[in-house]
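See structure below.
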Amino acid sequence: MQSTKFKARTVLVTGAASGIGAKIAEHFGLLGATVAIVDLNNVVLEAKKNELLAKGINALAYCADISNYESCKKAYDYFYNEIGFIDTLINNAGISPKHDGKPYKIWDLPPEEWNTVVNVNLNGTFNFIRILVPEMINNKFGKIINTSSVAAHAFLPIVSCHYSATKAAITGLTRHLAGELGPFNINVNAVAPGRIETPMVTAVGEEVNSTFITDTPLGRLGTPQEVADVIEFLASDQSHFVTGQVIDVSGGWLMR
Ligand SMILES: NC(=O)c1ccc[n+]([C@@H]2O[C@H](COP(=O)([O-])OP(=O)(O)OC[C@H]3O[C@@H](n4cnc5c(N)ncnc54)[C@H](O)[C@@H]3O)[C@@H](O)[C@H]2O)c1
């Protein structure tokens, strides 16, 4: 159902070709926002853009690697040329490499994989913030929503240490920037999803996910829509006085 709640808003979503990001883009589009979507996978990204356009959503797409500053800058220049000021940034793209469905323990972890995950998850979160913030400051308005994980706050044996470390760093980045950018009326918050049903999660065995379900008070995996709903709140007029927060969307798997 189309709505006009975000009609005046422009929202950039990274990692929007698949999983949670794809749902976020569609959700904001259906709320009337202009959505600028970014992903590394050009074929799936273009298909997603066409799907959004077919639903009457004002969508633009640019294939970029979030770990590469120049690539992000090119994406931004394209979007800025087409739609001008982008008031909302949803840093969603992230990776959690597995090998035969399993993470590496630290004693097996190749340093190159550590670097890749830091580059994508952490540097990739920094890059678009660095690029978008000057215009947010000029406009005295902005909403930045980053994507952490429950792995930032508890031991999760199904991921490697690079994933937990980068997701914890994202919470530090979120809080620091909330302090720096508050005076410019820019809110910086994060979501920390628990186990959400996406390709990242179905890549590991069913046994792993059923253990998770057992440990989750709500007794099931979450859906991308349920993450998008919390992000909607953080991007909306209803959360103008909320900043520097990390909101768990985990069905109670983690309570803190
Ligand atoms: N699914 C979960 O249970 C879960 C739990 C906690 C946190 N998260 C986080 O939520 C976010 C989305 O997860 P998901 O499950 O939808 O993942 P996903 O793998 O389904 O989708 C991630 C998307 O990001 C894109 N991407 C990857 N590297 C990129 C890069 N360098 N540049 C641009 N795009 C890139 C991929 O092509 C893909 O379309 C991630 O940050 C993830 O860490 C997910």
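Express in whole angstrom the spacing between the alpha-carbon centres of the range 216-256 and the range 102-127.
25
Quick one: plug the Kirkwood hydrodynamic radius of the range 10-249 (C-alpha pairs) into Stokes-Einstein at 37 °C, 0.692 mPa s, and report D in µm²/s. Numbers along the way, then the final one.
Working: Rh = 18.0 Å.
It diffuses with D of about 183 µm²/s by this estimate.
Would you mind computing the Rg to Rh ratio of the range 162-215 from its alpha-carbon coordinates, Kirkwood style for Rh?
Details: Rg = 15.8 Å, Rh = 13.5 Å.
Value, to two decimals: 1.17.
P(r) for the range 115-194, please, calculated from all Cα pair distances in 5 Å bins and given in %.
Taking all Cα pairs of the range 115-194, the binned fractions are 3, 16, 26, 22, 15, 10, 6, 2, 0 percent.
Rounding to the nearest 10 and keeping the result within 0 to 90°, find how far the Cα-based axis of helix 69-83 lies from the longest principal axis of the chain.
It works out to around 40 degrees.
What is the P(r) of the range 147-256, as percent of Cα-Cα pairs per 10 Å bin from 0?
14, 43, 31, 10, 1
Using a 7 Å offset from the Cα along the Cα-to-Cβ direction at both E112 and Q225, what is the distance between the two label points in nm, to one decimal?
Each label point is offset 7 Å from its Cα along the Cβ direction, giving 4.2 nm.
Place a label point 7 angstrom from the Cα of L53 along the Cα-to-Cβ direction, then list the residues of the range 1-27 whose backbone nitrogen is under 17 Å away.
So the set is 17, 26.
How high is the FRET efficiency from K7 to E197, r the C-beta distance, R0 22 Å, rounded to 0.05? Mind dumping the intermediate values first?
Working: r = 30 Å, r/R0 = 1.36.
Once rounded, the FRET efficiency stands at 0.15.
Taking N as the number of residues in the range 17-107, what is its Cα Rg relative to 2.2 N^0.38 Å?
Details: Rg = 14.8 Å, N = 91, 2.2 N^0.38 = 12.2 Å.
Cα Rg divided by the expected 2.2 N^0.38 Å: 1.21.
Output the 0 to 90 degree angle, nearest 10, between the alpha-carbon long axis of helix 224-235 and the longest principal axis computed from the alpha carbons of the chain.
Result, in degrees: 50.
Any chance you could give the angle, 0 to 90 degrees and rounded to 10, that helix 42-54 forms with the longest Cα principal axis of the chain?
Helix 42-54 and the main axis of the chain meet at about 50 degrees.
P(r) for the range 194-256, please, calculated from all Cα pair distances in 5 Å bins and given in %.
With 5 Å bins starting at 0, P(r) equals 4, 17, 23, 21, 16, 10, 6, 3, 0.
Please give me the summed charge of the neighbours of Y104: other residues whose Cβ is under 14 Å from its Cβ, Lys and Arg +1, Asp and Glu -1.
-1
Which length gain, in nm to one decimal place, applies between T211 and S236 when the Cα-Cα distance is subtracted from 0.36 nm times their residue separation?
Values: separation 25, 0.36 × 25 = 9.00 nm, distance 3.47 nm.
Going from the current span to full extension adds 5.5 nm.
Highest first, please rank the peptides 57-63, 144-150, 233-239 by the mean number of other Cβ atoms sitting within 10 Å of their residues. Don't skip to the answer; put the middle values down first.
On the way: 57-63: 20.3, 144-150: 25.6, 233-239: 16.4.
Listed from highest to lowest mean packing, they are 144-150, 57-63, 233-239.
Go through K23/K143; K7/K49; K48/K143; K140/K167 and tell me which ones have a Cα-Cα distance over 22 Å in this structure.
Numbers: K23/K143 18 Å; K7/K49 18 Å; K48/K143 24 Å; K140/K167 28 Å.
Long pairs (Cα-Cα over 22 Å): K48/K143; K140/K167.
Would you please put 14-25, 243-254, 84-95, 199-210 in order of how densely packed they are, using the mean number of other Cβ atoms within 10 angstrom per residue and starting with the highest?
Working: 14-25: 26.4, 243-254: 19.0, 84-95: 23.5, 199-210: 13.3.
Order by mean packing, descending: 14-25, 84-95, 243-254, 199-210.
Would you mind listing how long the range 93-155 runs along its three principal axes, going by Cα atoms, in whole Å with the largest first?
Projected onto its principal axes, the Cα set of the range 93-155 covers 47, 24, 17 Å.
A short reminder: the numbers here are calculations on the coordinates, not readings from a lab. No experiment lies behind these values; they were computed from the predicted model shown. For neighbour counting, all protein chains shown are included, and Cβ atoms are generated from backbone atoms with ideal geometry for every residue, glycine included.
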